[in-house]
Amino acid sequence: VRTLRDFPGTGRDPLTPVPAAKQREALQVLTQSFLAADSIQVSPELQRKLAVDFEERTDGVFRGENTPATDFSLAAMVFDLQRGVLNSLMSDTVASRLLDSESKSPGDALRYGELLTTTQRAVWSELGGRGDIAAPRRELQREHINKLAGQLLRPNTVARADVRGLLRVEAQGLLVRIERASQRRELSPQARAHLLDSADTLTQALGAKLQRGGT
């Protein structure tokens, strides 16, 4: 929503929702550039060239600091970036904004359920195809599962009523997709264990009693 601070009588609305097409475009940029399977690709050759600054490492040793590792973890850096995007998209603040915008925008408004589904499809894109699931992808998917299960089990006290219902529908649909994909023969033992564990987390979250905030 764009907010204007006009003097009375200008005839312009103080609140102007961003066009739905522009919102969907922004959502696609975030999901495809940060959360999709092919969003951040770095060749093994380049990864082997990434290392710590040994002069800074030596200075740190003489200052009595903990000795930093000589290996540079690109996967950890990428995961931190993806986790920040995921937490923002699944935040209660964004959910409230989208729910409020429905009454201010035409019928084609971007809705919270659409955001959840688009995010899920990007994070779990491997469920719709064949092949294995790489370790960095499993880590991102586990973060998504934990976030989803946590919101179901202990929703924020200020969360809107529709949010939990939509999250529950999203979790039920994801559980079906995960259980179906876990039967694929080409999965590695690690990927299969990841899917089974993720399915178990969702099953328990969906079947558990709701914990109210502050209790």
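Rule-based calculations on the coordinates, nothing more; no lab input. Keep in mind that this is a model prediction, so the values were computed, not measured. Using ideal geometry, Cβ is built from the backbone for each residue, glycine included, and neighbour counts are taken over all protein chains shown.
Here the gap between residue 1 and residue 179, fully extended at 0.36 nm per residue and compared with their Cα-Cα distance, gives a gain of 60.2 nm.
Cα gyration tensor of the range 5-54, axes a ≥ b ≥ c as square roots of the eigenvalues: rounded (a/c below 1.5), prolate (a/b > b/c) or oblate? Because a/c hits 1.5 or more and a/b fails to exceed b/c, the range 5-54 counts as oblate. For the chain, complete DSSP H runs whose alpha carbons reach 20 Å or more along their own long axis and whose mean Kyte-Doolittle score is 0.0 or higher are 74-89, 161-181. Looking at the P(r) of the chain, how many percent of alpha-carbon pairs lie beyond 31 Å? When every Cα pair of the chain is considered, 37 percent fall beyond 31 Å.
Across the range 116-214, Cα-Cα distances exceeding 20 Å account for 35% of all pairs. Shown here for the range 123-215: GluC sites (Glu not before Pro) in loop regions (DSSP other than H, G, I, E, B) with at most 15 other Cβ atoms within 10 Å, namely 186. A P(r) calculated from all alpha carbon pairs of the range 77-154, with 5 Å bins opening at zero, reads 3, 14, 22, 22, 17, 12, 7, 3, 1 percent.
Translational diffusion coefficient of the range 129-187 at 10 °C, 1.306 mPa s, Stokes-Einstein with Kirkwood Rh over Cα pairs, in µm²/s as a whole number. D, rounded to a whole number, is 122 µm²/s. In a DSSP loop and with at most 14 other Cβ atoms within 10 Å, the trypsin sites (Lys or Arg not before Pro) in the range 7-61 are 12.
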